[in-house]
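Notes follow the structure.
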Amino acid sequence: MRYRIKMKLIETAFVILVSALALTEAAAQNMPANNKIKAEIKYTSKDFPVSDIGHKSWAKAKEVVISKYWSGKAAPPGRQFKAKLLWSDTAIYVRFEANQTEPLIISDVPNLKTKTDKLWDRDVCEIFLAPKRNDRRKYYEFEIAPNGEWTDLFIDYTGTERRTDWRYKSGMDSFAAIEKNTVLMAIRIEWKAFGTEPKAGDIWLGNLLRCIGKDPDRGYLAWSPTETEVPNFHVPEKFGEFEFVK
């Protein structure tokens, strides 16, 4: 009798195990091929000035909400920001809308004519873009500050050290406006700055980022958290995917 009970228990345990494995397999089959964070860049047939922050084309762009620090921990609402991306036959557009509930860390005398060195030490929103998926360690960095200052750089991280081309000139256009509890910023970069043009269905890699506040409470937000021990945005392996949609 005890033998039969023991066998029954074994059979029941086996059925439970098989069922659990089946559920795990089903979940795996429904999981994306990779767990990369993704965003769409919607196409617009009409180019428009980057200063036209309320242009109707922005209505078709999908909103990307960035609510986490580089570490993956949630950032407070007052530091979170949103981004929208568009592309046309001639350029890519990026629009940032950032919550701002603390004093701005910006230059009192902004330089709007040339790139600003070490802009990342102040309040800034950024986008990293790597046009080649199989060469993600070569990418572009574009920054825009609440006062309109900007920086454009080319990064080569194929070796053990990160090399930055400070002489890189993208010809980017930028715009910024400070409103109550909000900062609006936008940039426009023509395809010639990348040496290539995307087509519908193409995927570029990159990240959307923000630096805000001052030490010791300075915040570093990332759309795709880099999860490094200390704040570090330059982790190509953690880049998300941007798909060009037409």
Original post:
What strands (runs of 3 or more DSSP E) lie completely within the range 166-223 and have 3 or more residues being out of contact with any Cys (no Cβ under 6 Å at 6 or more places or on another chain), within 25 Å of V235 (Cα to Cα) and assigned by TED's automatic domain parsing to the domain that holds Y139?
Top reply: 182-190, 203-212, 219-222
Original post:
Do we find that L86 is surrounded by fewer than 21 Cβ atoms within 10 Å (Cβ to Cβ) and hydrophobic (A, V, I, L, M, F, W, C) in this structure?
Top reply: no
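Every residue, every condition in (1) under 30 Å from L104 (Cβ atoms); (2) modelled with pLDDT of 50 or more; (3) not assigned by TED's automatic domain parsing to the domain that holds F233, yes or no:
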{"position": "R4", "(1), (2), (3)": "no, yes, yes"}
{"position": "A22", "(1), (2), (3)": "no, no, yes"}
{"position": "A27", "(1), (2), (3)": "no, no, yes"}
{"position": "K46", "(1), (2), (3)": "no, yes, no"}
{"position": "S57", "(1), (2), (3)": "yes, yes, no"}
{"position": "A61", "(1), (2), (3)": "yes, yes, no"}
{"position": "I66", "(1), (2), (3)": "yes, yes, no"}
{"position": "S71", "(1), (2), (3)": "yes, yes, no"}
{"position": "G78", "(1), (2), (3)": "yes, yes, no"}
**OP:** Search the range 232-244 for residues that are basic (K, R) and pair each with any residue that is surrounded by 17 or more Cβ atoms within 10 Å (Cβ to Cβ) and at pLDDT 95 or above when their beta-carbon atoms are under 6 Å apart and the residues are at least 6 apart or on different chains.
**Re:** K238/S224; K238/T226
Original post:
Can you tell me how many residues in the range 151-165 are within 18 Å of the chain's Cα centre (by Cα) and either farther than 17 Å from F233 by Cβ or outside the structural domain of G54 (by TED's automatic domain parsing) (or both)?
Top reply: 0
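The values are calculated or read from the model by the stated rules, or taken from the named source; none is laboratory data. Computed from a predicted model, the values in this text were never measured in an experiment. When we count neighbours, we look across all protein chains shown, and the Cβ atoms used for this are built from the backbone with ideal geometry, even at glycine.
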